[in-house]
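The values are calculated or read from the model by the stated rules, or taken from the named source; none is laboratory data. Here the structure is a predicted model, which means the values were calculated and not measured. Here Cβ is always computed from backbone atoms with ideal geometry, including for glycine, and neighbour counts include all displayed protein chains.
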Amino acid sequence: MLHHLTSPIAAATPSRRTFLKLTAGAAGGLLLALRLPGSPAKAATGDSLVQPFLHIRADGSVMVLSKHLDKGQGIATGLATLVADELDAAWDQVQVEFAPANAEVYKNLFFGMQGTGGSTAIANSFQQYRQAGATARAMLIAAAAKAWSVPAGEITVSAGNLSHASGKSAGFGEMAGLASAEPVPAEAPLKTPDQWVYIGKSFPRLDTRSKTTGAAGVYGMDQRFDNMLVAVLARPNRFGGTVASFDDSAARAVDGVSDIIGLPSGVAVLAKDTWSAMQGRDALSVTFDDSAAEMRSSDEMAKELAELTAQPGLKAHGEGDAEAALAGAAKVIEADYSFPFLAHAPMEPLDITVLFDGSTATFWTGAQFQTIDQMVAAQVLGLTPDKIAINTLWAGGSFGRRAQPDSHYFAEAALLAKAWLDKGNAPRHLKIVWTREDDIKGGYYRPMMAHKVRVGLDAEGRIVGWNHRVAGKSIMIGTAFESFVVKNGVDETSVEGLGNTPYALENLHVEVHNAKTAVPVLWWRSVGHTHTAYVMETMLDRVAREAGKDPVAYREELLKNDPRKLAVLKLTAEKAGWGTPLAEGRFRGVAVHKSFNSYVAEIAEISFRDDGTVKVEKVVCAVDCGVPVNPDNIKAQIEGGIGYGLGAILRNEITLTAGEVDQSNFDSYLPLRLTDMPQIEVHIIPSTEAPTGIGEPGTPPIGPAVANAIAAARGEWVTNLPFSRSGLA
Amino acid sequence: MAISLTLNGEARVIDADPETPLLWILRDTLGLTGTKFGCGVAQCGACTIHLDGTPVRSCQTFLGDAEGANITTIEGIESPAAAAIRAAWTELDVPQCGYCQSGQIMAATALLTETPKPTDEDIDAAMDGNVCRCATYARIRSAIHLAAEKLEG
Ligand code: FES
Ligand code: FES
């Protein structure tokens, strides 16, 4: 049967003005003023204490509800740590599960909607989850005081036990039911840092057991239901392309295939299992309409970006008169940089399961922007958001991929579920599985970027002026976040880390060009810092060497007004033995960068293999992320952040030929492997400052640290990424 | 076509197309979802299982290849080496997202069974095919060494 989609179904983008009212947030974050119906989980039984962020059950277990997605960064354990500490629970009674989708109760306090991203999870929850623990503790004490007829002030709580000098004692479980009848105190007092029992210590992750035994049902990919159908889609092979027609006769003949449904985003093959669906897709014949598609190659796009940076752009930051300073400089150093598109390639490709009965819909997936996911699904299905339930599951990585301003994978699942019902079928669980090829070719990349920098030095080698132009597609323009984040055409995420650098740079001028392409772009672990830190830190290194100064000493001079950034740099230099002789054939490079309000310095030690490729032997790192809630997890995030950044800088790029993505799987988009991994040493600065981000800040410094080490060996800085383009990887 | 094999110590007869990758037989037909789908083309190791004790990529091993074989998955692996690996993984909190870890544990257990005291070079050779996008590699290496110590007792 040949199908013609003459009038494709309207694309499922959220008409955001109808339900999102964006307002400026007092906390400096995104605040979406919205109210969704629905309420937090209610008490199931009378013998439990049920609060929005924790449930204490009669069996003594303390179930913490994580409002944030855990995609490996350890936030579930982190939030449980905050609750357990103020509650004085025993660690082995603490469990964690994900909260339902409910923006009112579970919003990210920096975003004003439920969502995880921007390394904000601990930062926005630090007070809230501790308060939740303290509140429950106060209610348990009040209940025990009544039950025992003793003053509340005489009751002590330790490791999950309430006790009184009279000899009376009870576990949390015994007191939970009574506690639930107590009034919720307005503001239960919080501990002082010297009273913390878990915060600042490295308690083991709560998810390690399930992740080392192959436990069922952990990830979205593993969801199974009776009668479930698995769908794999044939999507357009160019961005902006649409399905013109398809012939599904061969696909329908494949064993196990039950139906084929055309959607705006592609043609879905539904089958009894994944393998049949994949084979059905292989047998499909689809013609795409590329009239509105991106047809250029990535080389042409890179050329366009480079040309843009030759022209003045929109002003993103301006202090003093950079042009005059450059004109009067003793020396001007100029450099052009080129950064490729990058895929996130999380280990678990995207997947989503939906059950829609015509009036309510339930989704199962590693949801990261639950509020937007809920609203997009509601709009597609013609429902109100409260009719959309989301079961958030552990995600096999994300690195930004699942934080979707357009929620395209929810929209696709909702459209499929709707089409399924519209065909007269009974409601059924439908699971969409993305293959690795779908993931790598699927867009939502870190945007391709170009930078042009001109730095003016005086006769003593001091920086007197800095002009910095950036060109690339904005992540925010055209999304629900645009009106908040984009000012005068400038998307802060394109230039973050430049204008607001902690370096004392006079006459710093930053300009931006917003390029256009149908290639969808997205935040990728550390967003704009993925390229801005690279340029800033390699340029500074270059300037220091031109001036005949030591790169660490030169930076220290510029960081006099930022003691925290200075401290991580100094500590790293000390621990790495900066300035001490190296073994033959070894070279060092340094980089330091502030992102997500955390400070990270890294010193990479490298060597070269016989074939000229670079081997990163060791990375020494210092981090200041405020109160270190779980030091071992901070180390893990820095290790992972370094590895993730290193893999990309070495050899990752998504390229296009005539609009089609050249890479398809891990044999062409080459991931970092065990033998690439350097030895990593992480030092954490003790701090009582409010905790800040840790999932992303480890990533930005690694690229420039390695590039600076290469320059120490060869006198040249790599400006065209990835390194594989120069035979270095 | 019916294929007879032993799965996690149990005799099974599986009636399916012998060309089907074992990965999908395990995950979809039998509901053993601990074995993960990462790439489908033998590039990532997320789907690693043991076939007669040897680690193989189940996405590129077909049901027909398993006739009469002894298959072990993450759900069924029990041996002193496996116990030492799990204990070391837990002690060092190796997993982040965890999605690659079934495959890592299957590969590491096979290594330790074969080579109870592996060198870094042994680890490189045995583990380089297992991708971890969270880059837990440094801990994987340390945990294998730790497991080797534990095995030695
Ligand atoms: S899924 Fe088999 S090696 Fe990747
Ligand atoms: S732990 Fe996430 S891919 Fe390995």
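Tabulated results
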{"read-out": "The lone exception for A:Pro700 - which of (1) within 16 Å of ligand 2 (Cβ to nearest atom); (2) within 30 Å of A:Arg586 (Cβ to Cβ); (3) part of a loop (DSSP other than H, G, I, E, B) it fails", "value": "(1)"}
{"read-out": "Criterion violated by A:Gly214 - all others in (1) in a loop (DSSP other than H, G, I, E, B); (2) more than 16 Å from ligand 1 (Cβ to nearest atom); (3) within 11 Å of another protein chain (Cβ to nearest Cβ) satisfied", "value": "(2)"}
{"read-out": "Count - residues of the range A:688-714 that are touching a residue at least 24 places away in the same chain (Cβ under 8 Å) and surrounded by fewer than 16 Cβ atoms within 10 Å (Cβ to Cβ)", "value": "3"}
{"read-out": "Criterion (assigned to a helix (DSSP H, G or I), more than 8 Å from chain A (Cβ to nearest Cβ), touching a Gly at 6+ places or on another chain (Cβ under 8 Å) and more than 16 Å from ligand 1 (Cβ to nearest atom)) met by exactly one of B:Thr113, B:Thr109", "value": "B:Thr113"}
{"read-out": "All helices (runs of 4 or more DSSP H) inside the range A:427-505 with 1 or more residues being more than 30 Å from A:Gln223 (Cβ to Cβ)", "value": "A:482-485, A:492-495"}
{"read-out": "B:Ala42 surrounded by fewer than 20 Cβ atoms within 10 Å (Cβ to Cβ), in a loop (DSSP other than H, G, I, E, B) and either more than 7 Å from every other protein chain (Cβ to nearest Cβ) or within 16 Å of ligand 2 (Cβ to nearest atom) (or both)", "value": "yes"}
{"read-out": "Residue that is nearest to ligand 1 (Cβ to nearest atom), among those in the range B:8-25 that are outside any loop (DSSP other than H, G, I, E, B) and within 24 Å of B:Gly129 (Cβ to Cβ)", "value": "B:Leu23"}
{"read-out": "Residues being hydrophobic (A, V, I, L, M, F, W, C) and in a strand (DSSP E or B) - total across the range A:606-661", "value": "12"}
{"read-out": "Residue that is farthest from the chain's Cα centre (by Cα) [pool: residues in the range B:11-23 that are without any contact (Cβ under 8 Å) to a residue 24 or more places away in the chain and closer than 15 Å to B:Gly64 by Cα]", "value": "B:Asp15"}
{"read-out": "Checking B:Thr33 against (1) touching a residue at least 24 places away in the same chain (Cβ under 8 Å); (2) touching an Asp or Glu at 6+ places or on another chain (Cβ under 7 Å), the condition it does not meet", "value": "(1)"}
{"read-out": "Boolean, B:Thr48 is assigned by TED's automatic domain parsing to the domain that holds B:Thr6, within 28 Å of A:Gln637 (Cα to Cα) and within 16 Å of ligand 1 (Cβ to nearest atom)", "value": "yes"}
{"read-out": "A:Gly366 vs. criteria within 14 Å of chain B (Cβ to nearest Cβ) and within 16 Å of A:Ser66 (Cβ to Cβ)", "value": "yes"}
{"read-out": "Criterion: more than 9 Å from chain A (Cβ to nearest Cβ) and within 16 Å of ligand 1 (Cβ to nearest atom) - qualifying residue of B:Cys59, B:Cys100", "value": "B:Cys59"}
{"read-out": "Test: A:Ile638 is away from chain B (no Cβ under 11 Å) and out of contact with any helix residue (DSSP H, G or I) (no Cβ under 7 Å at 6 or more places or on another chain)", "value": "no"}
{"read-out": "The range A:641-668, residues that are surrounded by fewer than 24 Cβ atoms within 10 Å (Cβ to Cβ) and within 11 Å of another protein chain (Cβ to nearest Cβ)", "value": "A:Ser664, A:Asn665, A:Phe666, A:Asp667, A:Ser668"}
{"read-out": "Single unsatisfied condition, B:Ala135 versus (1) on the phi < 0 side of the Ramachandran plot; (2) crowded, with 19+ Cβ neighbours inside 10 Å; (3) within 16 Å of ligand 2 (Cβ to nearest atom); (4) not in a helix (DSSP H, G or I)", "value": "(1)"}
{"read-out": "Residue within the range A:9-28 that is in contact with a Gly (Cβ under 7 Å, 6 or more places away or on another chain), more than 16 Å from ligand 2 (Cβ to nearest atom) and at pLDDT 80 or above present", "value": "no"}
{"read-out": "Elements of type helices (runs of 4 or more DSSP H) contained in the range A:223-339, each with 3 or more residues being farther than 26 Å from A:Leu656 by Cβ", "value": "A:249-252, A:274-283, A:322-327"}
{"read-out": "Filter pass, B:Asp124 being over 11 Å from the mean Cα position of the chain (by Cα) and within 15 Å of ligand 1 (Cβ to nearest atom)", "value": "no"}
{"read-out": "Residue in the range B:67-83 that is within 14 Å of ligand 1 (Cβ to nearest atom) and in contact (Cβ under 8 Å) with a residue 60 or more places away in the chain present", "value": "yes"}
{"read-out": "From the options A:Thr213, A:Thr208, residue that is surrounded by 19 or more Cβ atoms within 10 Å (Cβ to Cβ) and β-branched (Val, Ile, Thr)", "value": "A:Thr208"}
{"read-out": "Cβ-Cβ under 8 Å pairs, at least 6 apart or on other chains, the range B:39-60 side among the small types (Gly, Ala, Ser), far side assigned to a loop (DSSP other than H, G, I, E, B) and near ligand 1 (Cβ under 6 Å from one of its atoms)", "value": "B:Gly45/B:Gly38; B:Ala46/B:Phe37; B:Ala46/B:Gly38; B:Ala46/B:Cys39; B:Ser58/B:Cys47"}
{"read-out": "Check on A:Asp458, of a type in the set (Asp, Glu) and assigned by TED's automatic domain parsing to the domain that holds A:Asn720", "value": "yes"}
{"read-out": "Considering residues of the range B:84-97 that are within 30 Å of A:Gly695 (Cβ to Cβ) and in contact (Cβ under 8 Å) with a residue 60 or more places away in the chain only, the residue farthest from ligand 1 (Cβ to nearest atom)", "value": "B:Ala87"}
{"read-out": "Qualifying residues in the range A:385-425 (those that are assigned to a helix (DSSP H, G or I) and free of Cβ contacts under 8 Å to residues at least 40 places away in the same chain) - the one farthest from the chain's Cα centre (by Cα)", "value": "A:Asp422"}
{"read-out": "Qualifying residue in the range B:51-59 (condition: more than 16 Å from ligand 2 (Cβ to nearest atom), among the aliphatic types (A, V, I, L, M) and over 20 Å from A:Ala231 (Cα atoms))", "value": "yes"}
{"read-out": "Matching residues, the range A:192-211, being part of a helix (DSSP H, G or I) and either under 30 Å from B:Ala108 (Cα atoms) or within 14 Å of chain B (Cβ to nearest Cβ) (or both)", "value": "A:Thr208, A:Arg209, A:Ser210, A:Lys211"}
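The rows are residues; the columns are (1) assigned to a loop (DSSP other than H, G, I, E, B); (2) within 14 Å of chain A (Cβ to nearest Cβ); (3) farther than 22 Å from A:Gly397 by Cβ.
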| position | (1), (2), (3) |
| --- | --- |
| B:Thr6 | no, no, yes |
| B:Arg27 | no, yes, no |
| B:Gly31 | yes, yes, yes |
| B:Gly34 | yes, yes, no |
